[in-house]
1. From 262, 268, 279, which residue is assigned to a loop (DSSP other than H, G, I, E, B), in contact with a strand residue (DSSP E or B) (Cβ under 6 Å, 6 or more places away or on another chain) and either of a type in the set (Lys, Arg) or within 20 Å of residue 67 (Cβ to Cβ) (or both)?
2. So which residues in region 315-357 are under 15 Å from the mean Cα position of the chain (by Cα) and crowded, with 21+ Cβ neighbours inside 10 Å?
3. For region 171-226, which residues satisfy the criterion of being touching a residue at least 40 places away in the same chain (Cβ under 8 Å) and not in a helix (DSSP H, G or I)?
4. Consider residue 244 carefully, then state whether it is at pLDDT below 95, buried (at least 19 other Cβ atoms within 10 Å of the Cβ), of a type in the set (Asp, Glu) and over 25 Å from residue 80 (Cα atoms).
5. Testing residue 274 on (1) within 15 Å of residue 341 (Cβ to Cβ); (2) among the polar types (S, T, N, Q); (3) in the same structural domain as residue 77 (by TED's automatic domain parsing), one condition comes back false. Which one is that?
6. Cβ contacts < 7 Å: first residue surrounded by 15 or more Cβ atoms within 10 Å (Cβ to Cβ) and at pLDDT 80 or above, restricted to region 49-77; second residue of a type in the set (S, T, N, Q) and not in a helix (DSSP H, G or I), any location; separation 6+ or different chain. Result?
7. Would you pick out the residues in region 282-322 that are in a helix (DSSP H, G or I) and touching a Pro at 6+ places or on another chain (Cβ under 6 Å)?
8. Checking the conditions here, which among 238, 246 is under 25 Å from the mean Cα position of the chain (by Cα) and either assigned by TED's automatic domain parsing to the domain that holds residue 316 or within 25 Å of residue 313 (Cα to Cα) (or both)?
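The values are calculated or read from the model by the stated rules, or taken from the named source; none is laboratory data. Remember, it's a predicted structure, so these values are computed and weren't measured experimentally. Positions of Cβ are generated from backbone atoms using ideal geometry, with glycine treated the same way; all protein chains shown enter the neighbour counts.
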Amino acid sequence: MTCIAVVLCATGLLGATAGTAYADGPTAAPGTGTDTETDTGTDTRPPAPDSDARRLDDVRKKIDALYRKAEQATDAYNAAEEQVERQQKEIVKLARGIDSTQRRLAALKQQAGVLASAQYRGGGLPVEAKLVLDADPEAFLDNATLARKGQLAAKRVVNQLVNLKGDLESYSHSATERWEQLEAHRKKQENARRDIEKKIDEAKRLESRLAAKEMSRLRKLEDEEAFRQQQKWLDSGALKDISDSASALGKKAISFATAQIGKDYVWGAEGPDTFDCSGLTLRAWQHGGRTIPRTSQEQWRRLPHIALRDMRPGDLIIYFSDASHVGMYLGDGAMVHAPRPGRQVTIAGAGSMPILGVVRPDGDLSDKDGPDGDR
């Protein structure tokens, strides 16, 4: 945690230094400087925005939009992948049930065959007729008892045969449904994969057209936009009542997440060498002792919601209105996340993207405010 604090100080993300961390600030954008002149009277104001600057900013917005769409598709891919795994397990379970039922059915058919053979050996004469013809009263009573037991046994065999046939039909029907669902989710997964690759390739093509100097300026523009969003969030007083005390499990999750800093973002990845945003939070909280949903959308839907003022380190911040991105809050206005393709796991401002809400993996239902609760 001390190391994290050092990094936060270095990056200017500490809430306590929100007003001074960027006293010198990132290099001012063109046209935002103050009126200053040198001793010689030369005007040193930055030049006004030109068409080249506007073009580069437009490229930044297009690239950002493409990666956002790729991230949305990644969440859809991860959800479909989870459903495919679940359906595969269900099909295996049903197949075992079918196999077991078929073996029981074969055994009962054998018993039914034995009963039929016994009746055949008796000449086909009904048991009741044999009893009437028996002249020995004691033998009659004994045989009546045995006949009753035989009838009950035969009835049980018949009932079990009927029930097992019904079970077998039900298992087969369920297996067919599960298979159809599996194929549907596989198609969703494949469609999402194509969509992801298309958006990433398009973003890379835009980036590849830029010269090295422009790429550097583009990265600077991204950083400046993130800083503006973070500063706006800090200026809103969002950190005023937020605690910096993590739970014991939260500390373990934070330790794991921050240990992954520098590892590449890869869509659909859950570690150990690469991660996407929800893959990182999934593994971090598994390390913390909690199993949470795979996707950021499911994390938002199923985990207890926490009011922003009650947020603590280790909680997950869900971003954008469609809950397509997630980061882990570290304290002092910072979070750790896997940003997007072409980037690495890093620490960023918790308010550098639009916040949808906060969830707590080690919370309980009493913590839940609901999707539309205090944000």
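1. Testing whether each residue is assigned to a loop (DSSP other than H, G, I, E, B), in contact with a strand residue (DSSP E or B) (Cβ under 6 Å, 6 or more places away or on another chain) and either of a type in the set (Lys, Arg) or within 20 Å of residue 67 (Cβ to Cβ) (or both) leaves just 262.
2. Passing the criteria: 316, 317, 318, 319, 323, 324, 325, 326, 327, 328, 337, 338.
3. 210
4. For residue 244, the condition - at pLDDT below 95, buried (at least 19 other Cβ atoms within 10 Å of the Cβ), of a type in the set (Asp, Glu) and over 25 Å from residue 80 (Cα atoms) - is not met.
5. Condition (3) is where residue 274 drops out.
6. What qualifies is 71/324; 72/324; 75/295; 75/324.
7. Result: 285, 299, 302.
8. 246
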